[in-house]
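Take a look at the structure set out below.
The values are calculated or read from the model by the stated rules, or taken from the named source; none is laboratory data. Predicted model only: the values in this text are computed from it and were never measured. Please note: Cβ atoms are built from the backbone with ideal geometry, for glycine as well, and neighbour counts cover all protein chains shown. Protein only, heavy atoms only, side chains kept; ligands, DNA and RNA dropped before computing areas. Shrake-Rupley method; radii C 1.70, N 1.55, O 1.52, S 1.80 Å.
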Amino acid sequence: MSETSASLPGTTYTGTRDIPLDQLTRYPGNPRRGDVDAIRASVRRHGQYRSLIVRDTGTELVVLAGNHTSDALKAEGYTTARCEVITCDDDTARRINLADNKLAELGHYDEDDLAAMLTALDGDLEGTGWSQQEVTRLLTAELPDGFPAFDESIADALSPTAHTCPQCGHTFTSAEAAP
């Protein structure tokens, strides 16, 4: 069954299939260089938990999102991968590849939620991509040597900083700009 996807304008979703890895082609010119070893560790622990996004061009099946997962699956001895198969034009394929490579970088972590999730693993970080050193740094939040902790009691005593709007020339202080 084929349907136009509201979430991917210009694409048609053709189905979810297990496709032999040797039938998949890497996206040509994919600019991202993933950490295949880290993905392999995740695959060993969790298996393939996310589908690859594959474009059916009519002559080949091209991985738009998940090229490094495909590499990791091959390296771990898998013979097939679960794939969401779509049809689209070259421009849309390029945009999907670029978006998949970039958009996760734009996010950030809520450090309290992250710390809670990592702590719940009781030190078993296998397949998460996180190292014990990173977790320790997050949980202890140690400042570098010689770097003083911020003393909020002196904040009110600090001189307000003057700012000038580059467009209208109005000058104001940081105290005036504060909510």
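Along Cα→Cβ, 7 Å out, is where each label goes; now give me the distance between the ones at Arg95 and Leu21 in nm to one decimal.
3.2
Under a point spin-label approximation (7 Å from Cα along Cα-to-Cβ), what is the Tyr49-Thr87 distance to one decimal in nm?
So the label points at Tyr49 and Thr87 sit 3.4 nm apart.
Could you derive backbone 3J(HN,Hα) for segment 88-103 from the dihedral phi with the Karplus parameters 6.51, -1.76 and 1.60 (θ = phi - 60°), listing whole Hz in sequence and x where the residue is Gly or Pro?
Listing the rounded values in order: 6, 8, 4, 5, 5, 4, 4, 5, 5, 4, 5, 4, 4, 6, 9, 4 Hz.
Taking only protein heavy atoms and a 1.4 Å probe, what accessible area per residue, in Å², does segment 30-93 have with all protein chains in place?
50
Summarise the accessible area of segment 1-117 (1.4 Å probe, protein heavy atoms) by the percent that is carbon and sulfur.
49
Once you have the Cα-Cα distance between Thr161 and Thr119, take 0.36 nm times their residue separation minus that, and quote the gain in nm to one decimal.
Additional length available on full extension: 11.1 nm.
Just the accessible area for Ile96, please: 1.4 Å probe, Å², rounded to the nearest 10?
That residue has around 30 Å² of solvent-accessible surface.
What does the accessible area of Arg45 come to, in Å² to the nearest 10, when a probe of 1.4 Å is used?
Per-residue accessible area (Arg45): approximately 100 Å².
Out of residues 5 or more away from Ile86 or on other chains, whose amide H comes under 5 Å of its own, with H placed 1.01 Å from N in the peptide plane?
Those qualifying (amide H under 5 Å, at least 5 residues apart or on another chain) are Thr14, Val54, Arg55, Asp56.
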